[in-house]
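**Student:** Provided herewith is a single structure, encoded as C-alpha cells, for subsequent inquiry.
Each reported figure results from applying straightforward, stated rules to the coordinates on display, with no laboratory input. This one's a predicted model, so the numbers in the text were calculated from it and none came from an experiment. Note that each Cβ is placed from the backbone with ideal geometry, even for glycine, and that neighbours are counted across all protein chains shown.
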Amino acid sequence: MLSSIRRRATLCGLSTAVLIGLTTAGLSVPAAAEDEAFRPQLVTVDTPTREDKRLLQTLGLDLTEHAGHDYVEVVLHSPADVAALAAAGLGFDVRIPDLLRREAENNAVNAAYAAATLSSPLPSGRDAYRTLADYDADMAALAAEHPDLVRKFALPHPSLDGRPIHGVEIGKDVTGPDRGLPVFVMLGLHHAREWPSGEHAMEFAVDLVKNYGTDRRITDLVDRSRVIVVPVVNVDGFELSRTDGGLIDLRELDRGGTGSLLGTPGNAYKRKNCRLVDGQDTPDGTCRAGSITSPGGFGTGVDLNRNYGGYWGGPGASDLVADPTYRGATAFSEPETQNIRELVSGRHVTTLITNHTFSNLVLRPNGAAPDLVPPSEGIPLGDPFDEAALKELGDAMAAQNGYTSQHAWELYDTTGSTEDWSYNATGGFGYTFEIGAHEFHPPFPEVVDEYLGAGPHAGKGNREAYLLALENAVNPETHSVLTGKAPAGATLRLKKTFASPTWEGSIQDTLDTTMTVGPNGRYTWHVNPSTRPVVMDRQVETISGEPAVSRSWTGTTAPTQSTDQEFVLDRDVDLLEVTLDWPTPDDMDLEVYRKNADGSLTEVGSSGNFVGEKERALLQDPDQGTYVLRVINFASVTPTWTLTAAGFVAETSTVPGLVESWTLTCERDGRVLERVPVVIDRGQQLKVDLKACGRR
Ligand code: 0X9
Ligand code: ZN
C-alpha cells in the first residue's frame, strides 16, 4: 500500500532536490568511478526534546519513518546534509555508513534460501524472484511444452522502452477458434517494485498447466474457461526495479522502514512506468539513462493504476509528474494500460484479478468513497450495483489467504485504477489483491507462503483464492449466457459503444468481441451483461442537513508523535465522518479504531493523504460504542489541530438506471448477414437463434 510513500513524501518535505541528489549519487555514476563521491548514510539523530525534533524538521533533511521518543533516523545524501545537522547542533550516530555498498540482508536471505533449496513447493519449484527474461522464458516454455493448452502472445502495444509485453492464454485447444467460453484475467506488476504480484500470477499459470489432466477440479475449470495471465504489465519498470533491487536492497537493515526505501539507490523502488515526458516516446532502450531514478516511487513515470479511464482524474490520483500517483496526461495515455483495455474490451472477462503488494488485502470496487460526487455524473458514487455478490466472493477469497476483504476506497480513495474501469465498463467482477504483510518485495520464502498459504491458511493461500475466482468466472450465475442455433463456422460478434465516465467528463469505449460457431450449428456464449453497472439503478445515500451527532476537539501533537482521542458513538447513524484539520500545508495522518470490550483496538478507518491534503475517514453503518481517533503528526510544523467526528443519518434514494443492449451480429465470409439487439442481465440465459444468417 501507499501509506509509507505518503509518509516519506511528507518527511522529505516533497523535496525533489533531495531526491535528485539521491538519484545522482545512486545511479548515474558507476560504482567504481564513484570512490570520491559522498555515499548516502543512514544516521540516528538525537532528539531528546520536542524542540530538537522541531529543529530537525526545519532542516529539509530526508527523515525516515523510524523515530522514537528521543531519536529520528535520517538519510544523509550529501556533505551539505551533514553540515546542516552539525550547524544545528544536533548529535547523531551513523548506523549505516555507506548505503551504496552495503549488501542487503534481504538479498542474502534470498541467496541463502536459493542455495539451500533444490526445489521450492511452488508449482514451478522456483526458489528466487524471476527476472523479466525469466518470465518470458517461462511463458515460452509453458507454450512449447503444452502447445494445445498454452498460447503465448504479445499484447498489442510494446512498452515505451520498446519491449514486447507478453501473456499466456490457457485453455483446451487454445489455438483453435474461440467457442465462447468465459475468460478469467490475472494481472501482475502494474507497479514495478511489487515483485510478488508477478510471481503469483505466473505461478497460477504454471499450477493450472501442471495439474491439467490429473487434478479433476483444475481440469474441469480449464476445460470450461480461457485463462489469460499477464504477469508483468509494466515490463520497463520491473526490469529496472528487479535489476537494481537485485544488487542492493536495504530494507532488512532498516527493518522495512522508509529509510531503506529512500536510501536504496536507483530504481529498486520504482513504482511507475517509463514515461519521461507526457505525450513523447523516447528512443527505445533509453529509459534507464533518461529517467530520474525513483526510490520510493518518486521520479518520472505514470502510475499505471491511476491511468485507466474509470473516473480518471478524480481523487486519489495526482496531476503532478513527480508524484507517486501521477495519473498521466489523459486516460489511457500509456501503452501498458491500453494493452489491458484492449484485452478486456475484446473478450468477455467475467472475473479479473490484478495483483499488487502489500498489506494483505482483497479489494473490491469502488475505488473512491460512496459519498463522493463525480462532476461527470452529478450523483454520489454509492456502492457498486453488484456490491452483495462482489463482497461475497471477496470475503470468500479473503478467508483463504487470511487477508482483509474490503472496498478499495476503505484503504484510500483512488480513481483510474484497473477495476475502477474494467468493472464499470464491462460488468466483469474485478479485484485488487495486495499480497503480503510488510514489504513491496520481501524475502522469497514469503512469496512461497503467500501463494500456498501458511499457518492457519496452510494449503489455501492465494492459490485457493485464485481458484475461487476462476470458479466464479465460469459460474453462469454471475455472468450471462447466450445460446442458440447459427450456421457452423459463422462468426458471431457482440459489440457495444458507450461513454465511460471519467471524473469530470467521459471517454468513448467500444467492447467488440467475437466467437466462432462450432460444427454442430449451435452456440453457447458466456458473456457479460448488456447493461453496465455504472448506469444501472444506483442506491445513493444523501446526507440531509446537519449531523445527528457532532463532536470537535482541538489539541497539539509534536512532530513524529501521536495523540489518541476517545469518542463514544451513542446513536445509530448511517455515516461517521472523521476529519482532521490544521493550519499549515504539510502532513498529519488520522487513524480510527474501534475499542473492543477487552480494551484492545481494531482499526476501522484511516486517512493518510499526501502532503497538503487534509485528512478524512469515512465509516459506513458504524457500530455504536467507543472509538479511538488517533492524530499522527508526521511532519507538520504546526502541531495544533482540530478533530471532528460527525455522524449523519442518510436518506437512501434510488437513482433510476438505464437499460443497455449488445448488438449481436452473425457474419459469414466477412459479411454481416443478421443483426439483433440483445438485452441480457446478470445470471440470465437467453436463446437467440440466428436463422437469417444461414440463408444464402
Ligand atoms: O495505490 C494503489 O494503486 C494500490 N496500492 S499499492 O501499494 N499496490 O500501490 C491500491 C489500489 C486500491 N484501489 C483500487 N484498486 N481501486
Ligand atoms: Zn501496486
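**Student:** By how many degrees, 0 to 90 and rounded to 10, does the Cα axis of helix 132-145 deviate from the longest principal axis of the chain?
**Tutor:** 20
**Student:** Could you state the angle between the C-alpha long axis of helix 235-247 and the longest principal axis of the C-alpha atoms of the chain, as a value from 0 to 90 degrees rounded to the nearest 10?
**Tutor:** Computed tilt is about 40 degrees.
**Student:** Please work out whether region 545-648 counts as rounded, prolate or oblate from its C-alpha gyration tensor, where a ≥ b ≥ c are the square roots of the eigenvalues and a/c under 1.5 means rounded, while otherwise a/b larger than b/c means prolate and anything else oblate?
**Tutor:** prolate
**Student:** Tell me the angle of helix 335-345 to the major Cα principal axis of the chain, expressed in degrees between 0 and 90 and rounded to the nearest ten.
**Tutor:** Tilt relative to the chain: about 40 degrees.
**Student:** To make sure I understand, if each residue's beta carbon is the centre and we count other beta carbons within 10 Å, what order do Cys287, Cys693 fall in, fewest to most?
**Tutor:** Cys693, Cys287
**Student:** Also: Given N residues in region 524-566, what is its alpha carbon radius of gyration divided by 2.2 N^0.38 Å?
**Tutor:** With N residues counted in region 524-566, Rg over 2.2 N^0.38 Å equals 2.51.
**Student:** May I ask you to derive the relative contact order of the chain, considering only C-alpha pairs under 8 Å and at least 6 residues apart, and to give it as an integer percent?
**Tutor:** So the answer I get is 13 percent.
**Student:** Let me know the shape class of region 116-175, please: from the alpha-carbon gyration tensor, a ≥ b ≥ c as square roots of the eigenvalues, rounded when a/c is under 1.5, otherwise prolate if a/b is greater than b/c, or oblate.
**Tutor:** Oblate, because a/c is 1.5 or more while a/b does not exceed b/c.
**Student:** Rg over Rh of region 379-503, using C-alpha atoms and the Kirkwood radius, what does it come to?
**Tutor:** Checking Rg against Rh, the ratio lands at 1.05.
**Student:** To continue, here is another question. Show that you can apply the helix-only estimate: for the chain, add -39,500 (n - 2.57) for every DSSP H stretch of four or more residues, divide by all residues, and state [θ] at 222 nm to the nearest 500.
**Tutor:** -7000 deg cm²/dmol
**Student:** OK, next. Two decimals is fine: what is log10 I(q)/I(0) at q = 0.05, 0.11 Å⁻¹ for the chain, from a Debye sum with one equal scatterer on every Cα and no solvent?
**Tutor:** Scattering profile of the chain, log10 relative to I(0): -0.25, -1.18.
**Student:** Oh, and also: Gain in length, Asp598 to Asp215, computed as 0.36 nm per residue apart minus the alpha-carbon separation, to one decimal in nm?
**Tutor:** Result: 133.3 nm gained on full extension.
**Student:** Consider a paramagnetic label point 7 Å from the Cα of Asn475 along Cα→Cβ; state which residues of region 523-541 have an amide N under 14 Å from it.
**Tutor:** none
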